[in-house]
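Reviewing the structure listed below.
Coordinate-derived values only; no laboratory data. Just so we're clear, the structure is a prediction, and the values are computed from it rather than from any experiment. Positions of Cβ are generated from backbone atoms using ideal geometry, with glycine treated the same way; all protein chains shown enter the neighbour counts.
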Amino acid sequence: MVDVKKLLRRIAPEEVELGDTATIAGEGSIEQFGDRERLVITVQFNDAERELVLNQPSLRRICRAWGHDTKAWLGRKLKAIEKRETMIEARRVIYWIWTPVLEESKFPNVVECPKCGVDNPVDNVLCWRCKAQLRV
């Protein structure tokens, strides 16, 4: 028997909108996906405990900000900043890039883009990624 309830707890790409946040609630586990491994973590998302599969671009961002020990990630927030699609084994796959929400006090020289959520140097007038105006 296969317990599909676990898969239904996963956050599907179509449930996510740009700027959505999720709070990390569990240390996660490594899961085999074809010839790759991926990290699945428990998060609070839309007032429910759900599972989030983290892709390599998201993992790199999180590890740069908070290190490689997932215990240090507990209680911290992630923000959906970019929707991407690719082909995997002749299937179109849609996924989101998640980035850490950084505490302002630790990064006083950074301003977050209101459109895509990426961090920019405080002197920038336009976002380096999406070219949105950072201040009026």
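Of note:
- Residue count for region 57-112 under the criterion of being among the hydrophobic types (A, V, I, L, M, F, W, C) and under 18 Å from ALA22 (Cα atoms): the result is 16.
- Region 109-136, residues that are touching a residue at least 12 places away in the same chain (Cβ under 8 Å), of a type outside the set (A, V, I, L, M) and part of a loop (DSSP other than H, G, I, E, B): ASN109, CYS113, PRO114, LYS115, CYS116, GLY117, ASN124, CYS127, ARG129, CYS130, ARG135
- Considered as a group, the residues in region 24-71 that are outside any strand (DSSP E or B) and charged (D, E, K, R) include one that is surrounded by the most Cβ atoms within 10 Å (Cβ to Cβ), and that residue is ARG61.
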